[in-house]
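Scroll down for the structure; my scribbles are underneath it.
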Amino acid sequence: MTDDAQRREALLDWCRARLGQVVHTSPWFTVTQERIDRFAEASGDYQWIHVDPARAAAESPWKSTIAHGYLTLSLYALLRAPADGTPPWPGVRTVINYGLNRVRFTRAVRVNSRLRLNVTLGAVEAVPGAVQVVEACVFELDNDTVPACVAEMVKRLYV
């Protein structure tokens, strides 16, 4: 067995031992109007419910601006990073986003809401040259029982 194959097997074993477990919980993060506005600039989505605080206060059901759903989803990269800087996957050189199995935006994220990410390891399998994992992600809202977003992230891990 090659060194790479041995490292993949070790990673598979490490992941299998954590199946069904929460493998990451982020610190709380505040979604500001500045971040919402910057996402609008990046995405071209300037819908008033996101970028017009006065109109949103007067007309929206939330009485404030709300984050774009895809902004919430994009915070995965920021919130998935370990707070202490240690790599989340032992021995992994490269992590590639392979796709999403399922995404649901279950609650609006009002401006200045606090979010955090909980990640449960949902599946792991060997694929040619890599280990593929599925992370069940829950974007929690502070003081709310309904999450803002739930998503299954598929990643390819290369050792």
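The values are calculated or read from the model by the stated rules, or taken from the named source; none is laboratory data. This one's a predicted model, so the numbers in the text were calculated from it and none came from an experiment. Counting neighbours? That spans all protein chains shown, and the Cβs are built from the backbone with ideal geometry, glycine included.
Does Ala123 meet the test of being among the aliphatic types (A, V, I, L, M), surrounded by fewer than 18 Cβ atoms within 10 Å (Cβ to Cβ) and under 17 Å from Val154 (Cα atoms)? So Ala123 fits the description; yes.
When the stretch 34-60 is limited to residues that are surrounded by fewer than 16 Cβ atoms within 10 Å (Cβ to Cβ) and either polar (S, T, N, Q) or in contact with an Asp or Glu (Cβ under 7 Å, 6 or more places away or on another chain) (or both), the one that is farthest from Tyr76 (Cα to Cα) turns out to be Gln47.
Here Leu78 fulfils each of the conditions (1) under 17 Å from the mean Cα position of the chain (by Cα); (2) surrounded by 13 or more Cβ atoms within 10 Å (Cβ to Cβ); (3) assigned to a helix (DSSP H, G or I); (4) in contact (Cβ under 8 Å) with a residue 40 or more places away in the chain apart from (2). Restricting the search to the stretch 126-147, which residues are in a strand (DSSP E or B), surrounded by fewer than 20 Cβ atoms within 10 Å (Cβ to Cβ) and over 19 Å from the mean Cα position of the chain (by Cα)? Passing the criteria: Ala126, Val127. If you go through the stretch 2-28 and keep only what is touching a residue at least 24 places away in the same chain (Cβ under 8 Å) and either aliphatic (A, V, I, L, M) or part of a helix (DSSP H, G or I) (or both), you end up with Asp4, Arg7, Arg8, Ala10, Leu11, Leu12, Trp14, Cys15, Arg16, Leu19, Val22, Val23.
When Ile49, Ile96 are checked against the criterion of being in a helix (DSSP H, G or I) and touching a strand residue (DSSP E or B) at 6+ places or on another chain (Cβ under 8 Å), a single residue qualifies: Ile49.
Which number in (1) modelled with pLDDT of 95 or more; (2) over 16 Å from the mean Cα position of the chain (by Cα) marks the one condition that Val150 misses? (2) is the only condition that Val150 fails. Residues of the stretch 61-75 that are surrounded by 13 or more Cβ atoms within 10 Å (Cβ to Cβ) and more than 23 Å from the chain's Cα centre (by Cα): Trp62, Ser64. Quick check on my filter: what residues within the stretch 81-93 are over 18 Å from Phe139 (Cβ atoms) and either part of a strand (DSSP E or B) or touching a strand residue (DSSP E or B) at 6+ places or on another chain (Cβ under 7 Å) (or both)? Across the stretch 81-93, the qualifying residues are Trp89, Val92, Arg93.
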